[in-house]
Amino acid sequence: MLKVLARNLGANWVGHLLLSVAGFITLPIVLSRLGTEAYGLWVAVVSVIAYTEVLQAGLGETIVRALAVRIGREQWQACNTFFSFAVYAFALVSLLVAVAACGLWFVVIQFIPTSARLTHLVLPIAALVTLGTMVPLAFTPFSAVLWARERFDLVNAVAVGGRLAFLIAIIPLLHGERGILVLAALRLGIGAVSQVATVLLARRVMPTLRLVPWREARATYREIAHFTGWVFLRVVAGRTAGQSDVVILSLVRGPAAVAVYSIARSLVDYTQALLDKLEVISPTAAVLHGRGDRERMLRLFAASGKGATMLALAASSYLVVFGRELIKTWVGAGFADAALILDVLVIALIVKAPLLPSRSVLLATGEARQPALLAVLDAVLTLSLGIGLGIRYGAIGVAAGMAIPAVVVWGARFVPVLSHKLGISTWSVVRTLYLSPMRGAVLPLALCVAVAVLWRPSGYPALLGLVPVVGLLFAASFYVLGLDSSERNAVRELLRVAGRAVARAGARVGVRGGGHGAGVPARQPALRSATSEPHRPG
C-alpha cells in the first residue's frame, strides 16, 4: 500500500506544483490583457455554467468506486459492464448540459451587469464555455478508468500538458477585451485534445477494456443508482456551496467586484487543489474495503487526515502572514484589499481540510447518505448567508458566508458522524485530525510572524523563496511534534519507498541512455505518462 500511495501522492503533488506555477503565471497575464471587468465576466460565466456539471449525478465518482472494487477482485468483465454503462450515461449527460446551459442563460447569465461594450460578447462566451464543459463530461468514463487503476501520473501528465499549451497560446493570441472569446475557444480546443489523450491512455492501462451492448450494461443500473442517488445530492449541494460565492457577488456587485474576490479565491483554490490530491486514497480505500481490511482502512484515515491538516496549516499560515505582499507583487497594489478576503476564506480551508480525505474513506465503504445530508445543510447555509451578508457587506460578506458554514457543518456536525461510522470516539477523531497536527504548527507559525515583522519581505524572489522554507519548517515541526513514533516510522518507510522508486527510475534512464558515444543523443525513456486541473470524475 505504501508503494502505491507514494507513487500516487508524488505524481499528484508534482502535477499540482506544475499546474500551480502555470496558473500563477497565467492569471496576471489574462487579467492585464482582458481588463478587470472582462476578466470578472469570464470568471462569472464559467462559474455559472459549472453548475451544469451536477447533471452527472455523482456518476463519475460512483464508477471510480465500482471499478476499483472490481479491479481489487480481478473481475474484468464486470469492469467492462460498469464502464459501458458510464459511456452511455455520460453521452446523455453531455447533451443535458446544453439544455441546462440554455436555462441558465435565461435565468442568470443575461442578468449579470456588464457595460455596453461587453454585452454582445456574453452569449458567444456562454456557448463556448458550455461546449468546453460538455466535452470533458462525455469522456469521463475514460478518466474514471485511470483513477480506478490509480494511474495519477498519467492523469496529471495530461493536465499539465494542457495547461502549458494554454499558457503558450494565450501569450500571442490574447489581446483586448475581445480576447475573452479567444480564451473560451482555447479552453474548448485544448480540452478536446486532452480527452483524446485520455482515451488512448485508458485503453493502454486496461487492455481488457471493451464496450458492451446497452442491454448488458443496464444490468448494473440498480447498484449504481443506489449509491449515486446520495452522491448526486452531495455533488449538487457541493457545487452550489462551492460556486455560489462568485455567482452571488456577480449579481449583487458586478464583474469588477468578482475580479478582486477571485484573486483571493484563486490563492485558496491552489491550496484546496493540493488537498484534493489526497483523493488518491479513494481507490485504495475501496480496494481495502473490498477485501474487508478494516485495520488498514483506519490507518489510512489517520495518515491522510493528519497529512491534510499539516498541508492546510502550512499553506494557510503562509497566506495569512505574507498574503498581502504576495497579492501586491502578483497582480498590483490595486488588488491589495483581496488580502482581507483571503484571511476569511482561510478559516473555511483549515476547518474542512482534515475531513476531506476522511469523507473519501467513508464513501469508499459505501456510506454516502450522511455526507450528502451534511453537504445539503452546508449549501443552504452558504447560500442564505452569502446572499444576506453579500448584499450588506459585499465581497467580505460573501467570504464570511463561506467560512461560517464550514465551522458549523464540518467542524460541529461531520466529526461526530465520522467517529460513529468508523467506530472510534469523537475525541479520538478531534485529537487525530486537529490537536496532534496543531502542536507542530505553533513554532513555524511564530517564526513566520517574526520574519514578516522584522524583515518585511516583498518582491517575487523573497516571497516565492519563502515558500519552500515555510514548507520545510512545517514539515520538520510536524514530524517531531505532530506524529507519534509509529507514524514517524511509517513516514520513514514511505520516504524509503519513494527513494527506491526514484533510484529505479534513474537507473532505467541510465541504462537506456548508456552506450551512446559523444554527440549521439541518448534514446529517450519510453512514454509512461502523457491538459487546466486534471479532470476529476464525479
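Evaluated against (1) under 22 Å from the mean Cα position of the chain (by Cα); (2) modelled with pLDDT under 90, A336 falls short on exactly one condition, (1).
Restricting attention to region 270-306, the residues being under 16 Å from the mean Cα position of the chain (by Cα) and either within 30 Å of A338 (Cα to Cα) or charged (D, E, K, R) (or both) number 10. The residue list L454, L472 contains one member that is surrounded by 11 or more Cβ atoms within 10 Å (Cβ to Cβ), at pLDDT 80 or above and not acidic (D, E), which is L472.
Within the bounds of region 158-170, is there any residue that is crowded, with 23+ Cβ neighbours inside 10 Å and out of contact with any Leu (no Cβ under 9 Å at 6 or more places or on another chain)? Yes, there is a match, as at least one residue in region 158-170 is crowded, with 23+ Cβ neighbours inside 10 Å and out of contact with any Leu (no Cβ under 9 Å at 6 or more places or on another chain).
Of the residues A91, A101, the single one that is out of contact with any Gly (no Cβ under 9 Å at 6 or more places or on another chain), surrounded by 21 or more Cβ atoms within 10 Å (Cβ to Cβ) and either small (G, A, S) or not in a helix (DSSP H, G or I) (or both) is A101. Can you confirm whether D245 is under 24 Å from G307 (Cα atoms) and either at pLDDT 85 or above or touching a helix residue (DSSP H, G or I) at 6+ places or on another chain (Cβ under 7 Å) (or both)? For D245, the condition - under 24 Å from G307 (Cα atoms) and either at pLDDT 85 or above or touching a helix residue (DSSP H, G or I) at 6+ places or on another chain (Cβ under 7 Å) (or both) - is not met. Restrict the check to region 381-395 and report whether at least one residue is β-branched (V, I, T) and out of contact with any Gly (no Cβ under 8 Å at 6 or more places or on another chain). Looking for residues that are β-branched (V, I, T) and out of contact with any Gly (no Cβ under 8 Å at 6 or more places or on another chain), one finds none in region 381-395, hence no.
Of the listed requirements (1) surrounded by fewer than 23 Cβ atoms within 10 Å (Cβ to Cβ); (2) within 27 Å of V21 (Cβ to Cβ), R117 misses just one: (2). If you check A259, A312, A303, A308, which single one turns out to be touching an Asp or Glu at 6+ places or on another chain (Cβ under 9 Å) and more than 30 Å from Q75 (Cα to Cα)? Answer to the check: A259.
Being at pLDDT below 90, more than 16 Å from the chain's Cα centre (by Cα) and not aromatic (F, W, Y) holds for only one residue in G132, G179, and it is G179.
Looking at region 171-192, which of its residues are assigned to a helix (DSSP H, G or I) and either farther than 21 Å from R117 by Cβ or of a type in the set (D, E, K, R) (or both)?
At the first step, the residues of region 171-192 found to be assigned to a helix (DSSP H, G or I) are 171-173, 179-192.
Scanning region 171-192 gives I171, P172, L186, R187, L188, G189, I190, G191, A192.
Within region 168-186, if we keep just the residues that are touching a helix residue (DSSP H, G or I) at 6+ places or on another chain (Cβ under 9 Å) and of a type in the set (V, I, T), the residue that is farthest from V122 (Cα to Cα) turns out to be I171.
Scanning region 233-254 for residues that are within 14 Å of Q370 (Cα to Cα) and charged (D, E, K, R) gives a single hit, R234. The number of residues in region 412-430 that are over 18 Å from R369 (Cα atoms) and either surrounded by fewer than 20 Cβ atoms within 10 Å (Cβ to Cβ) or not aliphatic (A, V, I, L, M) (or both) comes to 6. Given the criterion among the small types (G, A, S), closer than 23 Å to L146 by Cβ and touching a helix residue (DSSP H, G or I) at 6+ places or on another chain (Cβ under 9 Å), identify the matching residue among G10, G40. Every option except G10 fails the conditions. Against the list (1) more than 24 Å from A259 (Cβ to Cβ); (2) in a helix (DSSP H, G or I); (3) of a type in the set (V, I, T), the condition I387 fails is (1). Is there a residue being assigned to a helix (DSSP H, G or I), surrounded by 19 or more Cβ atoms within 10 Å (Cβ to Cβ) and modelled with pLDDT under 85 anywhere in region 196-211? No, region 196-211 has no match at all.
The values are calculated or read from the model by the stated rules, or taken from the named source; none is laboratory data. Keep in mind the model is a prediction, meaning the values are calculated, not measured. Cβ coordinates were reconstructed from backbone atoms using ideal geometry, including for glycine residues, and neighbour counts include every protein chain displayed.
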